[in-house]
1. Which value, in debye to the nearest 20, describes the size of the charge dipole of the chain about its Cα centre when Lys and Arg Cβ atoms bear +1, Asp and Glu Cβ atoms bear -1, and nothing else is charged?
2. Pick out, in residue order, every one of the trypsin sites (Lys or Arg not before Pro) in the range 40-114 that is DSSP loop and has at most 12 other C-beta atoms within 10 Å; say none if there are none.
3. Need the list of aspartates and glutamates near Lys76 for cross-linking: C-alpha distance under 19 angstrom, and skip anything on the same chain fewer than eight residues off.
4. Taking the Cα of Ser30, stepping 7 Å toward and past its beta carbon, and measuring to each backbone N in the range 36-78: which are under 18 Å?
5. List the relative contact order of the chain as a percent without decimals, with contacts defined as Cα pairs under 8 Å and 6+ residues apart.
6. Sequence gap at least 6, Cα distance under 8 Å: using those rules, report the relative contact order of the range 25-86 to the nearest whole percent.
7. How large is the convex hull of the Cα atoms of the chain per residue, expressed in Å³ as a whole number?
8. Under the definition of Cα pairs under 8 Å and six or more residues apart, what whole-number percent is the relative contact order of the range 60-119?
Amino acid sequence: QVQLVESGGGLVQPGGSLRLSCAASGFTFSSYVMSWYRQAPGKGRELVARISPRSGSTDYTDSVKGRVTISRDNSKDTLYLQMNNLKPDDTAVYYCQAKPYLASPLTYWGQGTQVTVSS
């Protein structure tokens, strides 16, 4: 059974840091493009960062560039998002996504983890 389980969210003050994790199971993790998305209250779901299956190539949305780092450990089937210098606008539910590298209708989502940045 395919499963993506996010963890590491919580309440932090502006300027603080969090490290999110996404534990994957039930599919060949190393063959999938992995991404972090977020959805803030009243807004649509937004791509935050993406990482290729094996090469480590990454992409980031402009609003987080320089403050976050996406990474993966294929030996542990785990995806990470290190977030530094957090801002109130980073407050959202963060989701991990798995998608095959080649064109496919298959997309898997986790349940999400809440990140709240507030003083």
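1. 100
2. Here the sparse-neighbourhood loop sites are Lys43, Arg54, Lys65, Lys76.
3. Glu6
4. Under 18 Å, as judged by backbone N against the label point of Ser30, lie 51-57, 71-78 of the range 36-78.
5. 36
6. After rounding, I find 26 percent.
7. 100
8. Computed value for the range 60-119: 27 percent relative contact order.
FYI, it's all coordinate maths here, none of it is from the lab. Bear in mind the structure is a predicted one, so any value in this text is a computation, not a measurement. Glycine also receives a Cβ, built like all others from the backbone with ideal geometry; neighbour counts cover every protein chain displayed.
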